[in-house]
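The values are calculated or read from the model by the stated rules, or taken from the named source; none is laboratory data. These numbers were taken from a predicted model, which means no experiment stands behind them. Positions of Cβ are backbone-derived with ideal geometry, glycine not excepted, and every protein chain shown enters the neighbour counts. Surface accessibility is based on the protein's heavy atoms, side chains included, excluding ligands, DNA and RNA. Shrake-Rupley method; radii C 1.70, N 1.55, O 1.52, S 1.80 Å.
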Amino acid sequence: MRERPIEKFRPILEPLEEKRPLSASASAAPIADWNAGTQATVSPDSVKPNFGFLVYRITQPNQFNNHLTPPFGHVLVQNVRPVPGQEYNVLQVAVRNGTLQTFTASDGLSVKVSGQNYFTPILTGNETWKPVQDFIFYILTKKYYPLANQVTDGFVFDLGGAKSAAIPGPSGIFLRIKYNPATINKVLDWIVQFGPGAEGGAGVKYGMPDTALYQFVTAQTKRNDFGGYF
């Protein structure tokens, strides 16, 4: 699952068409973090917890978070298994462990997509999520964009009991990928590192952030401006 991708690997895929981009807006309750260059996308009707961990969109890339370094973790966030040989669109976010803690299956981290009535465990067996390591969370779908709301729906994380959402935005969708279970992880690695949505890695190429790039930190981390939380 964590093989180092080959930079010359070029999967057969079609990216989002530039002439019809999706909304890149954040949630209705964005939480700015001017020091770390991140932004949380969360529910506007609840209170920030003082436990667990919360995901934040990286909005101001710097020398520490402007690149993705394999090996990555890969988590398919759906119960329906894709059929080999079939074409799908992929919706994804990459999330970095922004803490100094190594997580294991016993920590009970989980994720779902908005609209699902179940959570998927992020780690199973002897898998770990190490500090600074990125995990790719994805679904494979026949729909052009599978979420009901482009601005507020996304991947909902339950990290230590604290829930927050990672909204993919226009960087998170790629079209018509032929599914092969032997190569899907390499395809995903290529997308998040070198695909058009990545803009050279965390938006460095044009000075704009990758809308599908996140990190999580402890909910007790102090911020300059807090909005609502799940």
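Okay, here's what the table says:
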read-out	value
Kirkwood-Stokes translational diffusion coefficient of segment 89-171, alpha-carbon pairs, 20 °C, 1.002 mPa s, µm²/s	158
FRET efficiency, residue 176 to residue 101 (Cβ-Cβ, R0 41 Å, nearest 0.05)	0.60
For a label point 7 Å along the Cα-to-beta-carbon line of residue 119, residues of segment 143-160 with backbone N under 13 Å	156-160
Percent accessible area from carbon and sulfur atoms, segment 62-138, protein chains only, probe 1.4 Å	53
Cβ crowding within 10 Å averaged over residues, with 94-103, 186-195 ranked highest first	186-195, 94-103
Cut-off 18 Å, label 7 Å out along Cα→Cβ of residue 83, residues of segment 150-192 by amide N	176-182
Protection proxy ranking of 127-135, 50-58 - average other beta-carbon atoms within 10 Å, highest first	50-58, 127-135
